[in-house]
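Every read-out reported here was derived from the displayed coordinates using simple, explicitly stated rules and does not represent laboratory data. Keep in mind that this is a model prediction, so the values were computed, not measured. Every residue, glycine among them, receives a Cβ derived from its backbone with ideal geometry; neighbour counts consider all protein chains shown.
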Amino acid sequence: MISKKDIQTEVDAGYLYGEIAAREEDPEMKRIFEELRDIEKGHALAFIKESQLNLAELPKPSLRARILNLIGKIFGNDYVLGVLLDTEKGISSALVKARKEKQSTPSLTDYAHVFILQNVLNRKYPLSGNNIARLEKRHHTIGGNSLRASVLGGNDGLVSNFSLVMGFAGAASSQQSILLAGISGLLAGALSMALGEWISVKSSQELYENQINIEKEELELAPEGEEKELVLIYQSKGLSHDQAEKLAREIISDKDHAHAVLVKEELGINPDELKGSPMQAAISSFILFSIGAIIPVIPFFFTSGMPAVLLSAIFSGFGLFFIGSAITLFTGKSVWYSGFRQLLVGMAAAAVTFGIGALIGS
């Protein structure tokens, strides 16, 4: 049976696609997002009808959708599109499940979203090669990775340092010892995260740059082979052989443009990703981890003993619940469910280290 949550999911998806379309500058991409918006709205209306509800009961966009839209306004549409990919999977599952329960015949509208993307690749929409690559790159973005990393970075700092502080508190350590442990844990963890992020970004850039240079040499030495590769790539995306040949011929005529397209289509590399600063990524990682890690330490700057332990647990509890709630932006789960789950897991980890500290201390 179709639930209100299924209907809300459709409404939210339609709302977000509409907002993305409103912000999209490229007219071709704008039209595609408007198509996606209309399809999701159609699904919502179909669900309402199937559930024998009044159209007046069609819900408004949820708080989660509005927050995601705000994030899109601030950081760009790509952050929201990644989350919508996860939402689409949920929508498809709901549609298939409903059909099975009702034992009804599958409808074309169940797969309309997929059909639109296929039509894009089949040139029903007059997209340029660059925009096809752009759409494909966006469509394979997973959940707003940068935003998700921000939330999880703060979570790592909070949970690890909360557990560390509780371990020392359980051992009945002095206020100074707990502060020293907490600050040391913050710095050690944040520096480790920052170094790991710097190495990750730098290594990826060096690897991609090497692959790009090899691709450039191949284009210079054997342009005919690269043109054939482009034909195969576009055929695999649904274009006819003649269409693929025509598009590949147009692209290969300009070597600089051909190189850019081959980098995206053959290697799957977005040159914009190479512009990212390893140092900026490291600093961001350091700051996010530190924000989470400082929360359980704060009370020990002002007090000691059991009052400090209780305040640390309360502050950390609020932080854990907030992070769990923030994760629902990507999962679509209930705020209360995710918040309390995160709270329970974090408190359990801290309780274990507190108990171990008490045993060692005694």
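One table, with the values for the structure above:
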{"quantity": "Share of Cα-Cα pairs in the range 302-362 lying beyond 16 Å, as whole percent", "calculated": "53"}
{"quantity": "By average C-beta atoms within 10 angstrom, highest first, the peptides 22-30, 291-299", "calculated": "291-299, 22-30"}
